[in-house]
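Engineer: I have a structure here, written as structure tokens, and I will follow up with some questions on it.
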Amino acid sequence: MNDLESAPADGAFPHVEGLAVVTFAAAAARLAGEFPGIPAARIEALLVREWEAFCAGRPLVIPAAVEDGAREMLGDAG
């Protein structure tokens, strides 16, 4: 488990570009614990919809491998 997978005891989450961030899995697990009667698939779908509304489809962070893949594709295009 990394530092983004559980809520810190003091409520202070890590920040990226000024926004508090958590992992998708950690948020889904916390919500499933708070709302045990709601299927995990529904909770995950709601998280995706909220993320799309909040971010307008532009991710705040990406895996470093995505940048590496884009670099490789751009190099092949030149």
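What follows draws every value from the coordinates through simple rules; no lab data is involved. If you're wondering where the values come from, they're calculated on a predicted model, not measured in any experiment. Cβ sites come from the backbone with ideal geometry, for glycine too, and all protein chains shown count toward neighbours.
Engineer: Identify which of the listed values of Rg and Dmax of the Cα atoms in Å was calculated from the structure shown: [x] 13.4, 45; [y] 13.5, 41; [z] 15.9, 53.
Structural biologist: Recomputing Rg and Dmax of the Cα atoms in Å here gives the entry labelled [z].
Engineer: Now for a separate question. Can you give the relative contact order of the chain as a percent, counting alpha carbon pairs under 8 Å and 6+ residues apart?
Structural biologist: RCO, the chain: 20 percent.
Engineer: Compute the helix-to-body angle for 24-34: its Cα long axis versus the longest principal axis of the chain, expressed 0 to 90° and rounded to tens.
Structural biologist: Helix 24-34 sits roughly 10 degrees off the main axis of the chain.
Engineer: Now a separate question. For every helix of n ≥ 4 consecutive DSSP H residues, a contribution of -39,500 (n - 2.57) applies; sum these over the chain, divide by its total residues, and give [θ] at 222 nm rounded to the nearest 500 deg cm²/dmol.
Structural biologist: -17000 deg cm²/dmol
Engineer: Using label points projected 7 Å from each Cα along Cα→Cβ, tell me how many nm separate residue 56 and residue 25, to one decimal.
Structural biologist: The answer from the label model is 3.1 nm.
Engineer: Using Cα atoms only, what is the angle between the long axis of helix 64-77 and the major principal axis of the chain, expressed in degrees (0 to 90) to the nearest 10?
Structural biologist: Tilt of helix 64-77: around 20 degrees.
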